[in-house]
Amino acid sequence: MLLPARTGSAAAAPRDVLRRAQAPSPELILLVAVVVIGATLRLASLTAQSLWVDEATTAHEMHLSLGALLHSVRVNETTPPLYFLLAWAWSKVFGSGELGLRLFSACLGIGLIPLAYSCARELVSRRAGVVAAALVAVNPFMIWYSQEARSYALFAVFSAASFLFCARAWRAPTNRNLGWWAAFSALAVLTHFFAGFLILPEAVLLLVRVGRARPRGLMLALAVIAVAQAAVLPLALSDTSHPLGWIKIFPLSVRIQQVPVDFGLGALYQSPIVTHGLLGAAVLAAIVLALLAAGGDRAERRGAAFAAAVAAVTLLVPVILAALGRDYLVPRNLMPAWIPLAVVLGAACTVPRARIVGAGLAIVLLAAFVIAGVRIAQNPQYQRPNWRGVAAALGAAPGPRAIVAYDGGFAAQPLTVYMPGIPWQSRPDQVVSVSEVDVVGSTWQSTIRPLPPGTTLISGRTVDGFLVERFMVTPGWQLSLSEIGRRAGTLLGPAPANPAVLVQRGSSQAPAN
Amino acid sequence: MSRLRNLIVLVGVLCAFVSTLAAPAFAAQSQVVADCNAHSRLTGHYSSTQLRNALSTMSADVKEYTNCYDVIQRTLLKQLGASGASGSPGQSSGGSFLPTPVIIVLVLLVLGAIGFALAAVRRRNGDGPPTDPPSGA
């Protein structure tokens, strides 16, 4: 018996259902678009800025043997060794130049975008996930550290993965979820000492969740993390003797003000806007609370509260410790709080009963991030110092020359990376003979007139706030490096007390560009 | 409501706590830089010579980790502008690393994506059953 053929809407309906079931969800399409935008923002300008002092140290360390690298990390660095080991292996494949080193961080930074989506999807909703991913994709703070050859992008990724599996374990404390949580938490601990401030609230929340049952999986997970903590403890103790005193030069209250501005607007913390940071954060917090209270459903509020609790402890415990004297607080160290905060914002922006206000908040936040990114892109003052440009302005050296850099150690190591024939370290009492003395100062300094007898200005160029002047000295100077640094004050002034003095042997090779 | 009130009180207490954190001495720098470093702005009045001197002797870490270079430079340029002086050595030569049109296109893409998302989600919620459960383990 033949069945009558189904035509028209009766046949189309199941096909529509099937097509809709097979088609990717709008959220997935959006996530892909957001990842593409985030990747473009990170990769298109990856080498636009020079390496700064910390990155120059990384670049130098990538040329060491594995043993020497570990020694250097222990002696010179203030973080555990995992990033340096991974970057060292990476550099053997992709090189240790600007592009090769930063590409590692860029890939991690791009990976952070879907991770943010997963965190918000797990705790709130897919829509919140898309908003959280979009915030990560265009945020100048996240873009900055995705383009920095240091440990922060790796730290952010392991922290986000730890947070994701904590959220999953909070919903379903299976051995699998707890195992992944333990693994990523341990990796985060091996990447940065501040990871503990994220893992602490995560562990407490999981312990509260399981109550008195205390499943073996959770105890094992905590033991794994404790072992990782114990492994880095000697490093942490010895690192407190490292030159971290520079942090305390800047008042804690100022650094606290910087946190919301740096988190939201990146390097614009170097602008006067920083004084409004806490007020801005308070207003944003009030709007988010009001949206969640008025427009969110119970499950969304619960997920947002979980993320907010983790973020609050991650931010506040270091502040309290700093106030008590254990002060290592700089905004980038608080990076693990960023993804939980993005989840809270994603939840507020997508509350079901206040969609227009929520969408408005999302647009305002995204627009603020993009405008900040444009300001940073257009103003070299908010970018990393242009040491590559300074090296190009110094040009090739026909004979041995001294380069006096008024920015001290901040200048010495990047210039060593960009200019051939300069040793990584020099002794201040080392005596050298040079016929050219070049001074790298600020555009607010000026050439001393009249110049000392026998001194001729060869060239003077400005590079993004730096004044680069080259002098011929006849007869040549045969002096210690510290004396050359002192005498540079007779050429370009006013001079600082402790400039860096580099000696470059004659090289016809132009600096790397 | 009482929870919300408690939260507001807690935030207030934390803000008060933060504002009382003492600023350390900053003896090595000029008075101008010390003032800016302690307050993130200039609380006193300084001559253009003092401001210029502060800019030319500012250490690299203060430039890197505070807003003092920007704050002092703006104040100096304002004074120079008021006195009719022209030209400012502190102005850098520019150097956008991402062309502004590209950024504008990206902004439009983001805004378009948000609009598309809202429309798509609304359409889907209207057409079919809600499909937004947490993923679970």
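The values are calculated or read from the model by the stated rules, or taken from the named source; none is laboratory data. Not measured: the values here are computed from a predicted model. Neighbour counts run over all protein chains shown; Cβ positions are idealised from the backbone, glycine included.
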Report task. Filter the range A:30-72 down to residues that are outside any helix (DSSP H, G or I), within 14 Å of residue A:103 (Cβ to Cβ) and polar (S, T, N, Q), then give me how many there are. Result -> 2
Query raised in the report: Among the residues of the range A:385-394, is any touching a Phe, Trp or Tyr at 6+ places or on another chain (Cβ under 9 Å), more than 9 Å from chain B (Cβ to nearest Cβ), more than 19 Å from residue A:149 (Cβ to Cβ) and of a type in the set (Lys, Arg)?
Result: no
Query - Residue under evaluation residue A:275, criteria (1) under 28 Å from residue A:377 (Cβ atoms); (2) among the hydroxyl-bearing types (Ser, Thr, Tyr); (3) buried (at least 24 other Cβ atoms within 10 Å of the Cβ), criterion not met - result: (3)
Query raised in the report: Which of the residues that make up the range A:50-99 are touching a residue at least 24 places away in the same chain (Cβ under 8 Å) and among the β-branched types (Val, Ile, Thr)?
Result: A:53, A:57, A:58, A:78, A:79
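Provide a single number: the residues in the range A:373-394 that are over 17 Å from residue A:464 (Cβ atoms) and either assigned to a loop (DSSP other than H, G, I, E, B) or in contact (Cβ under 8 Å) with a residue 24 or more places away in the chain (or both). It would help to see each step written out before you state the result.
Residues of the range A:373-394 that are over 17 Å from residue A:464 (Cβ atoms), as a first pass: A:373-374.
Checking the rest, the ones that are also either assigned to a loop (DSSP other than H, G, I, E, B) or in contact (Cβ under 8 Å) with a residue 24 or more places away in the chain (or both) come to A:373.
Here the count works out to 1.
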Query raised in the report: In the range A:370-384, which residues are out of contact with any Phe, Trp or Tyr (no Cβ under 6 Å at 6 or more places or on another chain) and of a type outside the set (Phe, Trp, Tyr)?
Result: A:370, A:371, A:372, A:373, A:374, A:375, A:378, A:379, A:380, A:381, A:383
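Restricting to the range A:288-299, what's the tally of residues that are crowded, with 18+ Cβ neighbours inside 10 Å and more than 10 Å from every other protein chain (Cβ to nearest Cβ)? Break it down stepwise before answering.
First pass over the range A:288-299, keeping only residues crowded, with 18+ Cβ neighbours inside 10 Å: A:288-289, A:291-292, A:295-296.
Okay, now just the ones that are also more than 10 Å from every other protein chain (Cβ to nearest Cβ), so A:288, A:291-292, A:295-296.
Total meeting the criteria: 5.
Please report, ordered by residue number, the helices (runs of 4 or more DSSP H) entirely within the range A:213-330 with at least 3 residues that are touching a residue at least 40 places away in the same chain (Cβ under 8 Å) and more than 26 Å from residue A:354 (Cα to Cα).
On the way: elements: A:216-239, A:245-249, A:252-265, A:277-295, A:298-323.
Here the list reads A:216-239, A:252-265, A:298-323.
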Requested in this report: Test residue A:470 against the stated conditions and say whether it is basic (Lys, Arg), within 14 Å of chain B (Cβ to nearest Cβ) and over 19 Å from residue A:383 (Cα atoms).
Outcome: no
**Report entry** Odd one out for residue A:178, checked against (1) within 26 Å of the chain's Cα centre (by Cα); (2) over 30 Å from residue A:140 (Cα atoms); (3) surrounded by 23 or more Cβ atoms within 10 Å (Cβ to Cβ)
**Finding:** (1)
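Taking the condition small (Gly, Ala, Ser) and closer than 30 Å to residue A:263 by Cβ, does residue A:362 pass?
Values: small (Gly, Ala, Ser): yes; closer than 30 Å to residue A:263 by Cβ: yes.
For residue A:362, the condition - small (Gly, Ala, Ser) and closer than 30 Å to residue A:263 by Cβ - is met.
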Query raised in the report: Can you tell me which residues in the range A:420-467 are more than 30 Å from residue A:63 (Cα to Cα), assigned to a strand (DSSP E or B) and away from every other protein chain (no Cβ under 14 Å)?
Result: A:435, A:455, A:456, A:457, A:458, A:459
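Kindly check whether there is at least one residue in the range A:323-333 that is farther than 29 Å from residue B:65 by Cβ, surrounded by fewer than 23 Cβ atoms within 10 Å (Cβ to Cβ) and among the aliphatic types (A, V, I, L, M).
In the first step, residues of the range A:323-333 are kept if they are farther than 29 Å from residue B:65 by Cβ; the result is none.
No, that holds for no residue.
Find the helices (runs of 4 or more DSSP H) located wholly in the range A:74-173 whose residues include 1 or more that are touching a helix residue (DSSP H, G or I) at 6+ places or on another chain (Cβ under 7 Å) and over 20 Å from residue A:349 (Cα atoms), and list them. Working first, answer last.
Working: elements: A:82-94, A:98-123, A:126-138, A:140-146, A:152-171.
In the range A:74-173, A:82-94, A:98-123, A:140-146, A:152-171 are the helices (runs of 4 or more DSSP H) which contain 1 or more residues that are touching a helix residue (DSSP H, G or I) at 6+ places or on another chain (Cβ under 7 Å) and over 20 Å from residue A:349 (Cα atoms).
Would you confirm, using the coordinates I've provided, whether residue A:418 is over 30 Å from residue A:193 (Cα atoms), crowded, with 22+ Cβ neighbours inside 10 Å and in contact with a strand residue (DSSP E or B) (Cβ under 7 Å, 6 or more places away or on another chain)? I'd like the intermediate steps shown before the answer.
Working: over 30 Å from residue A:193 (Cα atoms): yes; crowded, with 22+ Cβ neighbours inside 10 Å: yes; in contact with a strand residue (DSSP E or B) (Cβ under 7 Å, 6 or more places away or on another chain): no.
Taking the combined requirement at face value, the residue does not satisfy it.
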Report task. Give just the number: which of (1) crowded, with 17+ Cβ neighbours inside 10 Å; (2) over 23 Å from residue B:65 (Cβ atoms) does residue A:427 not satisfy? Result -> (1)
Query - Residues located in the range A:489-498, provided they are modelled with pLDDT of 95 or more and either outside any loop (DSSP other than H, G, I, E, B) or not aliphatic (A, V, I, L, M) (or both) - result: A:490, A:492
Query raised in the report: Given A:312, A:305, which one is among the small types (Gly, Ala, Ser) and surrounded by fewer than 17 Cβ atoms within 10 Å (Cβ to Cβ)?
Result: A:305
